[in-house]
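The values are calculated or read from the model by the stated rules, or taken from the named source; none is laboratory data. Since the structure is predicted, the reported quantities are computational estimates derived from the model, not experimental observations. Positions of Cβ are generated from backbone atoms using ideal geometry, with glycine treated the same way; all protein chains shown enter the neighbour counts. Each accessible area value is taken on the protein alone, full model and side chains, heavy atoms only, with ligands, DNA and RNA left out. Shrake-Rupley method; radii C 1.70, N 1.55, O 1.52, S 1.80 Å.
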Amino acid sequence: MPHSPSREARRGDESPSSSVFDLPVQSGPPTRPVLQRLRTTPDADGNHLHSESPPRFVVISGGTGGNAICNAFDHACFVLPVSDDGGSSSEIIRVLGGPSIGDIRSRLVRLIPPAPPSSVLSAIRDILSYRLPANVSEREARDEWRDIVEGHSPLWAGIPNDRKETIRGFLVHFEGEVLKRAHKNFSFLNGSIGNYFLSGAQMFFRSLPSAIFLFSSITNSQANILPVIVTNHTVTIATELENGSRLVGQCEISHPVNPSVSFEEDNPCEPCDSNLFSPLDGMASPVPHRSNVMYRQDDKERGCEALESRICRLYYINAYGYEVHPTPNPEYIKNLSTAEALVYSCGSFWTSIVPCLALRGVASAIARSRFLRAKIFLLNGRNDRETDGYTAVDYVRTLASVLNSPYQKPLHGLGNAQTIYPISAFITHLVYLEDTSIAVDEDKLTALGVQCVRVKGAKVDAARYDDEVVSRAVCRILAY
């Protein structure tokens, strides 16, 4: 029997181990979130009284960029794309299909409540954030995976048996699905245990939102994380460049990498292994994918070969290259209609932010919301391959152009009308760093109806945001 931690060791970071489905609770004094907005209300004499009230945010972001600032928000809904085809997710997609879950898993791990190093919650975080080694032989990686899935790995130390067997059960289910496709030679190199768990849960429940709920329940996280598209099929994005050429897949657009030694492409004519149980999206087609695309964030930041020309639009495609129009997650649209503030996070603009916007109904939900008091764009500290040469005005105009584009099959007759919204309907404030290398013309932005907020960057890197920087900026915007 595993050693049960004392009541003191569990305090503040987990619910009692009697049930993995206990609602997240915190015994002891609650921790104060980084961001608390001062709500200003007039009293009977017209004086302004301030009372603390947590705002409700919708934060549109990708993985790495959004993770750096996600703790700045309390009561936030995080919307993430499901189209990343790199890293550990690429191998899962190649063999098993399904939406990309890497960015979602990364955010779920990031939002696990803080806990002492010796606590149960810390041990759960360690195993769900663990990666199998990338610089060993395939056999060595498989052997380590076998130790984990059979429950013998030291990584299980400190995790109560109920939670251990729940996590392990979905890892076993994932293993079973891989074995059914043994002819595809799944590679465990650089594999994320959290990705395997989330993928196993998604396949078992046939629902990514249900898998996210399970992950949150086991880790006592109150994070509200929404996949931008609810689907059980692989989601692929493509971009059209101004010179007419096309790039397919997030890796090819954002950070092309050389194929790994296990590179292979599925036969497009091979029957699809994905379950055809989602009626929502029209994405159910076999997609050729490369195997185990490995890259590191610092490789991306060192720069890639420049694009031949600028990107002019992004869209979703099926396996045969035809444009499709997936339906956005209804909860995403619902939250846009009730939230008080919308934040377009820092990060990869075309492959992290735009996939969450280039969907039917999103533009009108943003522009027509009666409750969105602020629509805040966090300008990156520097451009990348996707936005080389962009100014702040270019970002703002491009985002508005994306949202004002039609995302449905053309209608016929008099009903084929498209509403064009002004830029200020989508962005009310632009936050930028003092040390940004991107040109910011405040006069032009003001003329477009966008207010500029200049802030100091993080202490470690003045060209980056962190929780405190974003917290101060948003407080300035919302506290009047």
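The chymotrypsin sites (Phe, Trp or Tyr not before Pro) found in the stretch 326-392 that occupy coil by DSSP, while having at most 16 further C-beta atoms within 10 Å, are F371. Taking the accessible area of the stretch 419-466, probe 1.4 Å, and keeping the other protein chains in place, the carbon and sulfur fraction comes to 49%. Relative contact order of the stretch 61-196, taken over Cα pairs closer than 8 Å and 6 or more residues apart, is 30 percent.
Amide H contacts of V453: L430, V431, Y432, each under 5 Å away and 5 or more positions distant or on a separate chain (H built 1.01 Å from N in the peptide plane; Pro and chain starts excluded).
FRET efficiency for the pair V460 and H183, taken as 1/(1 + (r/R0)^6) with r the Cβ-Cβ distance and R0 = 51 Å, rounds to 0.60. Residues in the stretch 164-233 average 30 Å² of solvent-accessible surface per residue, probe 1.4 Å, ligands and nucleic acids excluded. Whole-Hz Karplus values for the stretch 210-221 come out as 5, 5, 5, 4, 4, 4, 5, 5, 5, 9, 6, 8 Hz, taken residue by residue from phi with 6.51 cos²θ - 1.76 cosθ + 1.60 and θ = phi - 60°; glycine and proline positions read x.
For the pair Q451 and S437, the difference between a 0.36 nm per residue extended length and the Cα-Cα distance amounts to 3.1 nm. Computed from phi, the 3J(HN,Hα) profile of the stretch 117-124 under the Karplus parametrisation 6.51, -1.76, 1.60 (θ = phi - 60°) reads x, 8, 7, 4, 5, 5, 5, 5 Hz, with x in place of Gly and Pro. Quick check: from the Cα gyration tensor, does the stretch 162-242 come out rounded (a/c under 1.5), prolate or oblate? Because a/c hits 1.5 or more and a/b fails to exceed b/c, the stretch 162-242 counts as oblate. When a 1.4 Å probe is rolled over the protein heavy atoms, the share of accessible surface on the stretch 170-256 that falls to carbon and sulfur comes to 53 percent. Here the stretch 343-389 has 42 percent of its accessible surface on carbon and sulfur atoms, given a 1.4 Å probe and all protein chains in place. Taking the solvent-accessible surface of protein heavy atoms with a 1.4 Å probe, what is the per residue accessible area of the stretch 329-480 in Å²? With all protein chains present, the stretch 329-480 gives 45 Å² per residue.
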